[in-house]
Amino acid sequence: MSKKTVVTFGTFDVFHVGHLRLLERARSLGTHLVVGVSTDKLNFDKKGRNPVYSEVERKEIIQSLKCVDSVFNEESLEKKGDYLKQYKADILVMGDDWEGKFDIYRELCEVIYFQRTPAVSTTEVIEKIRL
Ligand code: C2G
């Protein structure tokens, strides 16, 4: 098979099985999976709180996965087009919580939204631990 690069983006804080399934499914669409891990600053700007794990730790975890070929810092949501060009994306994969939001990038590559794994989220894990 000739090289087919899949790119996806996420915070992947408090890594869980929903994240893993998304990444494994994304990788199965191509020969290379490149993951943009959102920086602590982007997270703070987006969600008003710092992630539990730092960007260095989150990137280390993602990079160690069998299904992931490389990782980079996602510094801004607006830079998606630049990243897709830089990493020569054939496919952009996102979870369906982002359905429709990245359709403008269909001029650069294929855009696919996967159904999220139900009943698991970082927020829920944090709440469970707090109880
Ligand atoms: N995900 C999933 N199932 C879950 C939870 C998450 O499939 N139960 C997917 C999300 O849809 C997303 C990826 O896992 O595609 C990473 O999720 P988050 O870390 O929550 O990513 P987010 O903070 O939405 O950052 O440029 C976009 C952002 O960087 C995405």
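For every residue, the table says whether it meets (1) touching a residue at least 40 places away in the same chain (Cβ under 8 Å); (2) within 20 Å of residue 102 (Cα to Cα); (3) assigned to a loop (DSSP other than H, G, I, E, B).
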| position | (1), (2), (3) |
| --- | --- |
| 3 | no, no, yes |
| 7 | yes, yes, no |
| 43 | no, yes, no |
| 52 | yes, no, yes |
| 67 | yes, no, yes |
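Residues of region 84-108 that are among the hydrophobic types (A, V, I, L, M, F, W, C) and outside any helix (DSSP H, G or I): 89, 91, 92, 93, 94, 102, 108. Do you know which of the residues in region 90-120 that are under 24 Å from residue 16 (Cα atoms) and among the basic types (Lys, Arg) is surrounded by the most Cβ atoms within 10 Å (Cβ to Cβ)? The qualifying residue surrounded by the most Cβ atoms within 10 Å (Cβ to Cβ) is 116.
Restricting region 1-36 to residues that are aliphatic (A, V, I, L, M) and under 10 Å from residue 91 (Cα atoms) leaves a set whose member that is most open to solvent (accessible area, probe 1.4 Å) is 29.
Of 18, 81, 30, all but one fail to be more than 10 Å from the ligand (Cβ to nearest atom), at pLDDT 95 or above and not in a loop (DSSP other than H, G, I, E, B); the exception is 81.
Considering only region 67-103, how many residues are in contact with a Cys (Cβ under 8 Å, 6 or more places away or on another chain) and over 13 Å from residue 35 (Cα atoms)? Number of matching residues: 1. Residue count for region 114-129, restricted to those that are hydroxyl-bearing (Ser, Thr, Tyr) and within 6 Å of the ligand (Cβ to nearest atom): 2. Restricting attention to region 44-76, the residues being open to solvent by less than 70 Å² (accessible area, probe 1.4 Å) and either at pLDDT 95 or above or touching a His at 6+ places or on another chain (Cβ under 6 Å) (or both) number 17.
The values are calculated or read from the model by the stated rules, or taken from the named source; none is laboratory data. Just so it is clear, the structure is predicted and the values come from calculations on it, not from any experiment. Neighbour counts are summed over all protein chains in view; Cβ atoms, including those assigned to glycine, are modelled from backbone coordinates with ideal geometry. Calculation scope for accessible area: heavy atoms of the full protein, side chains included, ligands and nucleic acids excluded. Shrake-Rupley method; radii C 1.70, N 1.55, O 1.52, S 1.80 Å.
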